[in-house]
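Written out below as structure tokens is the structure these notes cover.
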Amino acid sequence: WLLSSTECDWGEVNLFNLPDVKCNGDVVVWLKLWIDGLSGTIPREIGLLRSLTFLSLTANNLEGTIPKEIGTLTLMRELWLKHNANLSGRVPTELA
């Protein structure tokens, strides 16, 4: 758990040849956490990942509203939130 690696070393490549994490240097640009059994709310701190171009939180157990901080991710090209039955709200207009 407390290894000397960075988040760029997390995850693996799945059946569809999609990695869990992609980085440009040491900056996270891709985060795929689908079907990972996540529960709770999407933290507002997601907005700190300013270089994200892809975020998938599909098919988890997320609840609450989509945080407005997702709207600060201006490089985002794909946002996948489907199949989270208790997640509500709208995608911020900055991304729409």
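Thinking of the chain as a set of Cα atoms, what percent of all their pairs are more than 16 Å apart?
57
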(message) Test of the criteria: in the stretch 12-96, which chymotrypsin sites (Phe, Trp or Tyr not before Pro) are in a DSSP loop and have at most 14 other Cβ atoms within 10 angstrom of their Cβ?
(response) F16
(request) Please check the chain for the longest run free of GluC sites (Glu not before Pro) that are loop-located per DSSP (anything but H, G, I, E, B) and have at most 12 other Cβ atoms within 10 Å. (result) 13-93
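Apply 1/(1 + (r/R0)^6) to the Cβ-Cβ distance of V91 and W10, taking R0 = 25 Å, and write down the FRET efficiency to the nearest 0.05. Walk me through the numbers before you get to the answer.
Numbers: r = 25 Å, r/R0 = 1.01.
The calculated FRET efficiency here is 0.50.
Since every read-out is calculated from the coordinates, none of them should be taken as a lab result. For clarity, every value in this text was computed on a predicted model and none was experimentally measured. Neighbour counts are summed over all protein chains in view; Cβ atoms, including those assigned to glycine, are modelled from backbone coordinates with ideal geometry.
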